[in-house]
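Working notes for the structure below.
Every number here is computed from the coordinates shown, using simple stated rules; none is lab data. Keep in mind that this is a model prediction, so the values were computed, not measured. Neighbour counts are summed over all protein chains in view; Cβ atoms, including those assigned to glycine, are modelled from backbone coordinates with ideal geometry.
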Amino acid sequence: MVGIVIVSHSSKIAEGVKEVALQMAKNHPVYTAGGTADGGIGTDPVRIQEAIEAANTGDGVVVLADLGSAVMSVGLAKEMIDPALAKSVKLANAPLVEGAIAATVEASMGSPLAKVLQTAHDARNMDKVE
Amino acid sequence: MVGIVIVSHSSKIAEGVKEVALQMAKNHPVYTAGGTADGGIGTDPVRIQEAIEAANTGDGVVVLADLGSAVMSVGLAKEMIDPALAKSVKLANAPLVEGAIAATVEASMGSPLAKVLQTAHDARNMDKVE
Amino acid sequence: MTVKDAIKEVGQAVIKDKVFLTDLDQAIGDGDHGINMARGFESVLPKIAALADDNDVAAALKAVGMGLISSVGGAAGPLYGTAFLRAAGACKGKTAIDAATAKAMLDAAIKGIQDRGKAQQGEKTMLDALIPASDAFADGIKAGKNAVECLGDAVQAAEKGVEYTKKISATKGRASYLGERSIGHQDPGATSSTIMLTALYKYLKQER
Amino acid sequence: MTVKDAIKEVGQAVIKDKVFLTDLDQAIGDGDHGINMARGFESVLPKIAALADDNDVAAALKAVGMGLISSVGGAAGPLYGTAFLRAAGACKGKTAIDAATAKAMLDAAIKGIQDRGKAQQGEKTMLDALIPASDAFADGIKAGKNAVECLGDAVQAAEKGVEYTKKISATKGRASYLGERSIGHQDPGATSSTIMLTALYKYLKQER
Ligand SMILES: Nc1ncnc2c1ncn2[C@@H]1O[C@H](COP(=O)(O)OP(=O)(O)O)[C@@H](O)[C@H]1O
Ligand SMILES: Nc1ncnc2c1ncn2[C@@H]1O[C@H](COP(=O)(O)OP(=O)(O)O)[C@@H](O)[C@H]1O
Ligand SMILES: [Mg+2]
Ligand SMILES: [Mg+2]
Ligand SMILES: [Mg+2]
Ligand SMILES: [Mg+2]
């Protein structure tokens, strides 16, 4: 199963995305790295690294992030982990909430890394029209 | 000032988005309608209606929502509010977190409704590449 | 035969099938459809019981719609909520419902669901029970059947509709996240629609 | 003159300007740059104090980089963190830094910031202080100046760079949300970069 990591400046956002995603895919490996180590708003490359390592079950990890600086922290986290694992860790170019939910469902169906990444990316096109 | 309403299935997500958005625009009218009335995961048209009414300061309201059923609840909420207000309430066809932050900053600069809506929409194109 | 009793039967049938509906939603959604619908009718039924005994069908259906809207929490809330409100709009002032009115109410409900959810038949939603039900109802009217007989035909068509949802993949609602993988599972909303139609039919048949 | 003392001076200068940097970030960002940077150096300085007194510049800079990465929380964390790690990579094994090495370290830091943040000069970031600083440093070397003199020129160029950030609108980082409205405000990151270069220069000049 492809693991999912949710990176947000806010631990509330990260935890909330996880709870909504898990509703659709009970027990899937979804890990969060929300906020700074001291509970503030921001991102923490070390906790992102830990979340990636926890989410990895051998089939790769798709990471979703909220803002630009979260993206940079993900980049750093990837440089800090085992290079063999880093190769199968992909940051989705996708909106955080929408991408995470779609990716989690896709991953829970046993789809490979590339498919999960694509599904996350496709969430960019999700339309919201009353 | 254009008000901002954040609608999510999860109250954690809604509160988290609000805290991150307010960091960029202290004291801006940002209201949330997260989760169901009894604290569960879901959406509640009545609380969305209340959030819209609270966020309105006369210059319109931009609403951001997470998933399809939140979009339906927003549609219903709009039908329940004063039709004169409903005309200046716009659901953004935009990703929740990314759109809400961009829209809040735009609104805090005093931009009109159409501009705030456009900025939220443009958040679809935000790229996240390490 | 009262609208209050009819709604009570419908609501209790939904509440009785709470676990069944939730299990269906577990397979292709977020596992809350039964919980949502039961919570909705638990909130609605006391309000209906408190209504005047004037058999004002529209007022009762409006109360159902408003109650579901404010309590269901899932997609079914705005969808069924809108459906009941629109059905109420199609029977204003009536205290008895003939076949033509019933058909107009059903169609107004379907139109409401489509306005709200932008789905068509064949997308694996409640519409796949309700639209065939309406078609069968229309055929019944053409064949000169009364309202209850028409509803009996509608129930059968809705049941077939539910079976049909097993064969198609979802393109609307949460089940659409699963795409093709949703095939083989029946749609929870189509099922709850059929449960409601069935309960109404049983009540009306027995009261007649 | 030790690398440990130099880092202490730099860190204390940043911590001293915590409120100033935060106020700058309040105007065009999320109002945390000073808080972030001060938290970063508060976490880094004890680690530096605990290092061996062997003047291993690379080891000390690596500790600064790792410390900032794990404590800053904002964009400046990965950016300055990468910058210090790359600077460390450009002075491996050295216990004294000549002008050419210093220039190589500065350029490695800039390259690190660009690899991480994908920004160019003119986007209203720390690069608008650091790239002019590097250019001035290079001119100093060409003119035969020593490392400290070159750094003095670099500081002046960085200060001009900070002034320049007032005239341009941000296209990277949070300030880019403001677009044109960011004009008129100096960039917090360019300012903190200049504060660090200035503190280093003052320390080296006085120690010389
Ligand atoms: N756009 C739509 N149009 C019509 N029916 C829909 C639509 N989206 C979902 N549904 C129906 O809603 C049912 C799910 O309801 P529920 O579980 O209460 O909502 P949620 O998916 O928000 O948890 C589906 O089985 C389907 O029949
Ligand atoms: N992509 C980037 N490249 C270079 N510098 C950047 C970039 N994004 C932001 N910065 C710098 O970071 C500074 C803001 O740092 P900080 O406030 O700590 O981060 P955040 O914006 O995450 O709160 C900006 O003033 C700018 O100089
Ligand atoms: Mg559901
Ligand atoms: Mg639900
Ligand atoms: Mg900041
Ligand atoms: Mg910040």
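Amide H neighbours of B:Val63 under 5 Å, counting only residues 5+ apart in sequence or on other chains, H built in-plane at 1.01 Å?
For B:Val63, whose amide H was placed from the backbone, the distant partners under 5 Å are B:Val5, B:Lys90, B:Leu91, B:Ala92.
For the residues A:Met24, C:Met126, what sequence is obtained by ranking on other C-beta atoms within 10 Å, fewest first?
Lowest to highest Cβ neighbour count: A:Met24, C:Met126.
Alpha carbon centre of the range D:160-208 versus the range C:134-150: separation in Å?
Cα centroid to Cα centroid, the span is 77 Å.
Which ³J(HN,Hα) values in Hz, rounded to whole numbers, follow from the phi angles of the range A:6-11 under the Karplus curve 6.51 cos²θ - 1.76 cosθ + 1.60, where θ = phi - 60° and Gly and Pro get x?
3J(HN,Hα) across the range A:6-11, in whole Hz: 10, 10, 9, 5, 10, 5.
How many nm separate the modelled label positions at D:Asp98 and C:Ile168, each set 7 Å beyond the Cα in the direction of the Cβ?
7.9 nm
In whole Å, what are the extents of the range B:3-125 along the principal axes defined by its C-alpha atoms, from largest to smallest?
Result, largest extent first: 35, 30, 27 Å.
Once phi is turned into ³J(HN,Hα) by the Karplus curve 6.51 cos²θ - 1.76 cosθ + 1.60 with θ = phi - 60°, what whole-Hz value does each residue of the range D:184-199 show in order, with x for glycine and proline?
Once rounded to whole Hz, the list reads x, 10, 7, 6, x, x, 4, 5, 5, 4, 5, 4, 5, 4, 5, 5.
Tell me the angle of helix C:76-89 to the major Cα principal axis of chain C, expressed in degrees between 0 and 90 and rounded to the nearest ten.
30 degrees
List the relative contact order of chain B as a percent without decimals, with contacts defined as Cα pairs under 8 Å and 6+ residues apart.
29 percent
On average, how many beta carbons from a partner chain sit within 10 Å of the beta carbon of a residue in B:99-108?
Shielding by partners across B:99-108 averages 3.
Rounded to the nearest 0.05, what FRET efficiency do D:Ala50 and B:Lys26 have when you use their Cβ-Cβ distance and R0 = 45 Å?
0.70
Add +1 for every Lys or Arg and -1 for every Asp or Glu among the other residues with Cβ under 12 Å from the Cβ of C:Asp115, and state the total.
+2
Using r as the Cβ-Cβ distance of D:Glu207 and C:Gln12, and R0 as 60 Å, what FRET efficiency do you calculate, to the nearest 0.05? Display every interim value, and only then the final one.
Details: r = 86 Å, r/R0 = 1.44.
Efficiency computed from Cβ-Cβ geometry: 0.10.
Which value in deg cm²/dmol, rounded to the nearest 500, describes the helix-derived mean residue ellipticity at 222 nm for chain C, given -39,500 (n - 2.57) per DSSP H run of n ≥ 4 and division by the residue count?
Value at 222 nm, helices only: -23000 deg cm²/dmol.
HN-Hα J couplings of the range B:18-30 from phi, Karplus 6.51/-1.76/1.60, θ = phi - 60°, integer Hz, Gly and Pro as x?
With coefficients 6.51, -1.76 and 1.60, one gets 4, 5, 6, 5, 5, 4, 8, 7, 3, 6, 5, x, 10 Hz.
What shape does the protein assembly as shown take by its C-alpha gyration tensor, where a ≥ b ≥ c are the square roots of the eigenvalues and a/c under 1.5 counts as rounded, a/b above b/c as prolate, and the rest as oblate?
Prolate, since a/c reaches 1.5 and a/b exceeds b/c.
Hey, got a sec? Which trypsin sites (Lys or Arg not before Pro) in the range B:1-44 land in a DSSP loop and have at most 12 other Cβ atoms within 10 Å?
When the trypsin sites (Lys or Arg not before Pro) of the range B:1-44 are filtered for loop state and at most 12 Cβ neighbours within 10 Å, B:Lys26 remain.
Suppose we consider the axis relating copy C to copy D; can you name the residue of C with the nearest Cβ and state that distance in angstrom as an integer?
So the chain C residue sitting closest to the axis is C:Tyr177, 15.
Determine the alpha carbon to alpha carbon distance for each of D:Lys111/D:Lys172; A:Lys26/A:Lys128; A:Lys78/D:Lys47; A:Lys12/B:Lys128; D:Lys124/D:Lys172; C:Lys4/C:Lys202 and list only those over 19 Å.
A:Lys26/A:Lys128; A:Lys78/D:Lys47; A:Lys12/B:Lys128
Could you put C:Phe84, C:Phe20 in order, starting from the residue whose Cβ has the fewest other Cβ atoms within 10 Å?
Ordered from fewest to most neighbouring Cβ atoms within 10 Å, C:Phe84, C:Phe20 come out as C:Phe20, C:Phe84.
Which value in nm describes the separation of the simple spin-label points at B:Ala54 and D:Asp115, placed 7 Å from the Cα toward the beta carbon?
Rounded to a tenth, the inter-label distance reads 4.7 nm.
Please arrange C:Ile183, D:Ile69, B:Ile101, C:Ile110 by how many other C-beta atoms lie within 10 Å of their C-beta, fewest to most. Don't jump to the answer; show the numbers that get you there.
Values: C:Ile183 15, D:Ile69 25, B:Ile101 29, C:Ile110 20.
Least crowded to most crowded, the residues run C:Ile183, C:Ile110, D:Ile69, B:Ile101.
Whose Cβ in chain B comes nearest the axis that rotates B onto A, and by how many Å?
That would be B:Pro95, 2, residue then distance in Å.
Counting only other chains, and only Cβ atoms inside 10 Å, what mean value do you get across the residues of C:170-179?
Whole-number average of other-chain Cβ neighbours for C:170-179 is 4.
Considering amide H positions built from the backbone, and no H for Pro or chain starts, which residues 5 or more places from B:Ser8, or on another chain, come under 5 Å of its amide H?
When sequence neighbours closer than 5 places are left aside, the close amide H contacts are B:Ala33, B:Gly34, B:Gly35.
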